[in-house]
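Trainee: One structure is given below, represented as C-alpha cells, and several questions about it will come after.
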Amino acid sequence: MGQTAIDLYSGCGGMSAGACAAIPDLEVKWALDIDTDATRTFRNSHPEALVDCCDVSLVSAADVVERAGIDQIDWFFAGPTCQAVSTMGVFHLDDPRNALFVHFIRLLDGFTAVGRKPRRVIMENVPGVVYGKNLVIVKELFKLFEDRGYNVFADVVNMADYGLPQLRNRFILVATLDPIPANFPLHTHASDASGKLPEYVSVSEAISDLSDCSTDAAAVATLGSVGLPTAFQSFVRDTAGMAPNHHSNKLSDLNRKRVSKVPQGGCWKDIPPELLPDRFRRVRLTDYATLYGRLHAATPAYTISAGFGNVTSGCFTHPLHDRALTVREGARLQGFKDSFEFLGARDAQYRQVGNAVPPFFMMKLVRHLLAGAAVGVPARMTSEVIANGRKLPPMVKRYMNKRNDSERSGDGYGSGTYWPAGWGEPIPADAVAANGYRLSNAKLRYRRRDEWRASRDTFADQDLVAVYEEQQRRGTDGAGMIALPLTKEGEVDAIDRAIVQLLAILGSKPGQIELNIPVRYLRARLKLLHDQLSERRVSDLPQLAMPEDGAAVLLGSDEGTFRLARLTFEDTDMSPDASLKAPHLVLHLEPPRQQGRGKSEELHYR
C-alpha cells in the first residue's frame, strides 16, 4: 500500500507539494483551510483529495476519515497561522488565534481514537514561537506529543541552508512513532563560499529567466534560456518553458519614482526626502531597513511574506526593473515548481505564495525523514533540552554577506543602517542613540503592547453575556458527562462559546469541582472569560481559583459536595444539538463526595 497524507491549515499546499515531490506516489487524502482561494488552488493541484474550506472547529476526525476514505495516515502536515506568535504581531499567549494549535491536537486525538493514528507529523510556524513567553507553546506541544507516544524534536531552520534562494527562518517540529535520529538534513549551501559548500542560491539564479521573457494575456510567461540548469533550476523549471502567474501589482507614479532611486540592496534611505512620506522622519535608523528595498541579484531574497506584492512593505522590488516581484517570481523564491498554478485574484495569489511552506525545502526534509539517516544536523530542541529548562541558544543566525550597491553603505551585516539621502550631515552616533535612533523626539506609541493586545482582551465583538444567559435558560441534564458542541456563531470563537456555556452550567451546580485541564490554552482562556463575565456581573457565576502551576483549577463554593472532573476534546454525538459525531468540549464528572479531603489525596488522569 502506498503512503497517504493529510494537510491541516494547508493554505495553497506548499507542504503537500514538497512531500509529493519527495514521494511521487504519495496520496493526499484530505486538506483544510479557511481561505477560499487557497483551497481552490489546493484542489487544482490535488484533484483526488477531499478539501474542506471551513473553520477548523466544525470538523471532526471521525467524519473526515469517513468522507475521505482514509485507511491510514503516514504523514500529518500542519501549518497553524502565525499571527498570534509572530515577531511582527502581538506577544500574547492567550490570543484566540492560538486555538489553532489546540484544534490540531484535538484532531490528532480524534484520528487516533478511530484507529488512524498518524505515523509522522510535521508542523511549521514562525521563529517567534520560541521567543520569550511563547516558548510555553513549544513546551506544551512537546509534552502533548510525548504523552501520545511520539518521539519529538524541533529547530528553527534557515531554508537558505538547503538551497532555497531566500533567507527564510522557520520553526519546524517533527513527531514520529518510529524512533529516528533527532536531526535535520545536512546543509547543502552556506552563507559564503569559503568552506566546502556552495554559496547560497541567489535571486538571479532563481528568477533571471523571468526578467525579460514574453508574457501573454493570461499571465503565462515563455521562459528564457538558463544554459546548464542548477539543481534548483531543474526543480522549479518542470514545464516546457512556460510559467503561469507572471504578473505583478501596478505601482503608482510616485512609488515608481521612489523605487527608481533605490539601487540593488538599498532601501528607503536612498530615496530623496521630498519623495518620502513624513512618517520616515520618525522611524529609527536601525529599523525598517527593508522598506522600499530592492533585491540584490547576487544574494538570496529576504523572507517572502504575504504582502510581497507591495514594494512599500519590504524588500520586494525587482533587482533590475522598477516594479514589484510578480507572483511567479515570488513562487520561484519560495521553491514552487512552474507547473504549480495559483488561482484567485492577483492579491489572493500573492497571499497564497507568501504564506506557503516552501516545497523545495519540504521535499528535502521528507526525504531525510523517510531515510531515517543517522547523519544530519542535530536538532537543538529535543525532549531532553526542553526538560532541562536551560535557555535555548540563539536560534536565528545573522546573514553577514548582504550585498548593497548604495553609495552610502558598505556590504555585510548592518549595511541597512546608513544615513538617509538628503538629510544633511550625519548626526554623531551617540546623539542619535540618545534619541532612540530617531531624528524626532515625538512620544512613542507601543501599539503591540498597549493597543493590539488590549483589543484582544476586551472581547469587544463577542456577546459573551448572551451566550451565558442562553445556556442558563436551557440548563443541562448532564450527570456524569457534559458535552458542548464546538460551534462558531457570529464573532464568538467556538472554544470560547463552549467555555462560557460550561461556566453557566457549573454555576448552577452546588459544591466545588476540581477540574483537570491538560491543555494550557484552555486554562488561560477559562481565566480570561471568567474575568470578563465577572466584570459584567452575570448571575450565579461560579468562583474560580487557579494555581499558577499545574493543570487543575477549582470552580464553585467550598461548601457542600466536592467533585473531581476533567476537560477534554472529543468527537461525540452525546449533546442534544448533534445528531452525528461532531467536535465537542467534554466535561467528565466523577460522583460527588463530601468536602474535607486530605491534602495528600490526588487524582492521576491518564
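Trainee: For the stretch 56-83, what are the residues that are under 23 Å from the mean Cα position of the chain (by Cα), more than 16 Å from D571 (Cβ to Cβ) and in a loop (DSSP other than H, G, I, E, B)?
Mentor: Scanning the stretch 56-83 gives D74, G79, P80, T81, C82, Q83.
Trainee: Next up: Hey, does the stretch 278-300 have a residue that's part of a loop (DSSP other than H, G, I, E, B), farther than 23 Å from S214 by Cα and free of Cβ contacts under 8 Å to residues at least 24 places away in the same chain?
Mentor: yes
Trainee: Where residues in the stretch 200-214 are of a type outside the set (A, V, I, L, M, F, W, C) and under 16 Å from A240 (Cβ atoms), which of them is modelled with the lowest pLDDT?
Mentor: Filtering first and then ranking leaves S214.
Trainee: In this structure, does S234 turn out to be under 31 Å from the mean Cα position of the chain (by Cα) and without any contact (Cβ under 8 Å) to a residue 24 or more places away in the chain?
Mentor: Here the answer is yes, as S234 does meet what is asked.
Trainee: So the check is Cβ under 7 Å with 6+ separation or different chains; which pairs have a first residue in the stretch 540-567 that's under 11 Å from E514 (Cα atoms) and not assigned by TED's automatic domain parsing to the domain that holds L484 and a second one that's modelled with pLDDT of 85 or more and assigned to a loop (DSSP other than H, G, I, E, B)?
Mentor: Going by the 7 Å Cβ cut-off, there are no qualifying pairs.
Trainee: Go over the candidates D477, D405 one by one and state the one that is among the acidic types (D, E) and either part of a helix (DSSP H, G or I) or modelled with pLDDT of 85 or more (or both).
Mentor: D405
Trainee: Can I ask one more? Can you give me the number of residues within the stretch 1-36 that are surrounded by fewer than 20 Cβ atoms within 10 Å (Cβ to Cβ), touching a Leu at 6+ places or on another chain (Cβ under 9 Å) and part of a loop (DSSP other than H, G, I, E, B)?
Mentor: Residues that pass the stated criteria total 3.
Trainee: Still on this structure, I have one more. Of everything in the stretch 234-276, what is charged (D, E, K, R) and either over 27 Å from W419 (Cβ atoms) or surrounded by fewer than 20 Cβ atoms within 10 Å (Cβ to Cβ) (or both)? Give them in sequence order.
Mentor: Answer for the stretch 234-276, where residues must be charged (D, E, K, R) and either over 27 Å from W419 (Cβ atoms) or surrounded by fewer than 20 Cβ atoms within 10 Å (Cβ to Cβ) (or both): R237, D238, K250, D253, R256, K257, K261, E274.
Trainee: Among (1) buried (at least 17 other Cβ atoms within 10 Å of the Cβ); (2) over 20 Å from P319 (Cβ atoms), which single condition is R279 missing?
Mentor: R279 satisfies every listed condition except (1).
Trainee: A follow-up question, please. If D322 meets every condition in (1) assigned by TED's automatic domain parsing to the domain that holds S305; (2) surrounded by 24 or more Cβ atoms within 10 Å (Cβ to Cβ) apart from one, which number is that one?
Mentor: (2)
Trainee: Just name the residue that is surrounded by the most Cβ atoms within 10 Å (Cβ to Cβ) out of those in the stretch 162-179 that are charged (D, E, K, R) and touching a helix residue (DSSP H, G or I) at 6+ places or on another chain (Cβ under 9 Å).
Mentor: Here the residue is R168.
Trainee: Could you tell me whether V538 is in contact with a strand residue (DSSP E or B) (Cβ under 7 Å, 6 or more places away or on another chain) and crowded, with 17+ Cβ neighbours inside 10 Å?
Mentor: So V538 does not fit the description; no.
The values are calculated or read from the model by the stated rules, or taken from the named source; none is laboratory data. All values derive from a computational prediction rather than experimental measurement. No Cβ is skipped: glycine too gets one built from the backbone with ideal geometry, and neighbour counts run over all protein chains shown.
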